[in-house]
1. How big, in percent, is the set of alpha carbon pairs in the chain lying more than 33 Å apart?
2. If eta is 1.306 mPa s and T is 10 °C, what Stokes-Einstein diffusion coefficient results for segment 338-441, Kirkwood Rh from Cα pairs, in µm²/s?
3. Less than 18 Å apart at the alpha-carbon level, and either on another chain or at least 8 residues along: which aspartates and glutamates does that give for LYS315?
4. Could I get the Rg over Rh figure for segment 454-586? Both from C-alpha atoms, Rh via Kirkwood, rounded to two places.
5. For segment 155-201, which chymotrypsin sites (Phe, Trp or Tyr not before Pro) are in a loop by DSSP, counting at most 12 other Cβ atoms within 10 Å?
6. When the convex hull of the Cα atoms of segment 1-158 is projected onto a plane and the area is averaged over all directions, what value comes out in nm²?
7. May I ask for the angle, rounded to the nearest 10°, between helix 161-173 and the longest principal axis of the chain, with both axes built from Cα atoms and the value confined to 0 to 90°?
8. Excluding LYS576 itself, calculate the net charge of residues whose Cβ lies under 10 Å from the Cβ of LYS576, where each Lys or Arg counts +1 and each Asp or Glu counts -1.
Amino acid sequence: MPTQRELANAIRVLSMDAVQKANSGHPGMPMGMADIAEVLWNHFLKHNPANPDWSNRDRFVISNGHGCMLLYSLLHLTGYALSIDDIKNFRQLHSKTPGHPEFGETPGVDTTTGPLGQGLANAVGMAIAEKHLAAQFNRDGFPIVDHYTYVFAGDGCLMEGISHEACSLAGTLGLNRLIVFYDDNQISIDGNVAGWFTDNTPLRFESYGWHVIPNVDGHDPAAIHRAISEAHQQNKPTLICCKTIIGWGSPNKAGTAKTHGEALGEPEVELARKNLNWPHGPFVIPEIIYDTWNARAKGEALENQWQTLFENYQKTHPELAKEFQRRMEKRLPENWHIESQDLINEMQQKKETIATRKASQICLNHFAKILPELMGGSADLTASNLTNWQGAKTFSKATPEGQYIFYGVREFGMSAIMNGIALHGGLIPFGGTFLTFSDYARNALRLASLMKQRVIFVYTHDSIGLGEDGPTHQPVEQAPSLRMVPGMSVWRPCDTTESAVAWQSAIEHKGPTCLLFSRQNLNFQERDAETIANIKRGGYILSDCTSLPDLIIIATGSEVSLGVESCKILSASGEKIRVVSMPSTDVFLSQDTAYQEKVLPKAVTARLVIEAAASDGWYKFAGCRGRVIGLDRFGASAPAKEVFKEYGFTVEHIISVAKEMLSQKQEKKFHDYSSCN
């Protein structure tokens, strides 16, 4: 039988060979952490290579995602659908082995990592989901949710501020099923970290409330085994500090930054092969190594054992079993469409003039009754974001069945944790902060879109309408920039009814959504049944004339009521005006061209867009002959009405601009409609 070191060396040679063939990549971390990975995957990890999506598998996250060849090697060796040709195609176009792990691209990858620290935060979310679902579904004798979340993390992950946000909260929440291996090799891209990272990491994590196992020899399988066994006995998360040598096995480059982010070079690869006593050529793994690594039979047995448990659970707790399956399959309840439509109709009937953040809370009170998978929270702004609901119970160490998380002032950590909750499955996470603070969390939003995860980002205080807090808190560029993120759906509703549709859309969307809500009260808008039905299309005709309009006013959020009031005055003087509310530009642009033409006919080039935000993104709708009343500067500290007036967001200014545009049309300055699409 191969020794543990020989098994670990299989990871090392595959990693250095793949990086060398690509002439690109990071061989140092896989070579340095190979011994840790061998112990974990061969002696502890619960998984089934034939079913990477088994709900009760242990989750494995490489937060230091640049070392992805370690993960690809493990997946290949243990029997996942990742061939030796896939390993050879590392970092090549359309391969299953991209330069950093990408969720959905490679079987067995539990999250997309690379931006350092976020994988660690994702893992905190996974551990939260495990703890919560176990509390909701496990019954005596039936631990159907019973797994660990393991993380590999390096110096870079712990230097990133998000590691503090996420790990501090993990300690407070007592996430005992979270085990992190710190690759303490003292090397980052710029060299030895002694010049810029001298934290007492064990003491830091102890202060968070973690169990810390310091000074573990990361190249001693017995020591690693003891550390993992110890971690399994704790009632808190565990950090295992592993002393390792980056690039272990490379005779001339081990322990240096030269192994971090570049190929070793052909001569050094051959020397490393000799140093490791590995007599086989590039990408050659002996059958006895493959056989010893192969986890398919063991994985099948583990899943079958769980399946038998679940079948007995179904007999004893049939309703719980049915609900568990529905949620893990990401199916909404059978009555979802009726219940959500009832709320929309109720909002329209009540005709309330309230802040859309309050309308959002009304939606949550309704949806929480029919969607037990909702798991919400706020970054220390619950009373402002209104993200809680009646009867919501706090998720904590003592009450893991709770659905509401007090994230504290941790916008970035919250967002990445929500990504992890969604990735785990069984829950729909949402979390709130002010829109301007979405900047703190931007990279987590980007990864939510990249991974196509159903995560709902609730952003209140969506404009200069928040008033006195001033330009530091008044968003200007945030809404337009969020709309630029591929796959991100963004809604900025104008009243209660649009708020309900926005929530309905977010819950049904197969990716992330940003919901932008107002602090100030917004006027309710009248609609008929057809108009209500069209809200879900992202943009729709809210007010219209009897023939082809001479001018179309397009607006979102709090500015819609300004457009409607302006339309009434202009129409009374005989002008033909249409008002289009466009709460979601991305949803509108996904509609068929016939519908888009119906709402915004090409023949009408006099288009006036109104939004209290940066204007550039709106010219695709305004066209080359349109105008945008936007905000291409920062706001000011004053009551909201004064700030809106100062920057031209008044009915008087809108009418003035509209009349100027209409007079230009009458002077035939818009003579060639066909040339401006």
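The values are calculated or read from the model by the stated rules, or taken from the named source; none is laboratory data. Nothing here was measured: the structure is a model prediction, and the numbers come from that model. Backbone-built Cβ (ideal geometry, glycine too); neighbour counts: all protein chains shown. Please note that ligands, DNA and RNA were not included when accessible areas were found on the heavy atoms of the full protein model with its side chains. Shrake-Rupley method; radii C 1.70, N 1.55, O 1.52, S 1.80 Å.
1. Numbers: 120297 of 228826 pairs.
In whole percent, the share of Cα-Cα pairs in the chain beyond 33 Å is 53.
2. Values: Rh = 14.6 Å.
For the chosen part, D equals 109 µm²/s.
3. By straight Cα distance, LYS315 reaches ASP140, GLU323.
4. Details: Rg = 15.3 Å, Rh = 15.5 Å.
For segment 454-586, the value is 0.99.
5. Details: sites: PHE181, TYR182, TRP196, PHE197; in loops: TRP196, PHE197.
Answer by residue number: TRP196.
6. Working: hull surface 39.3 nm².
Projected area, direction-averaged: 9.8 nm².
7. 80 degrees
8. Net charge around LYS576: -2.
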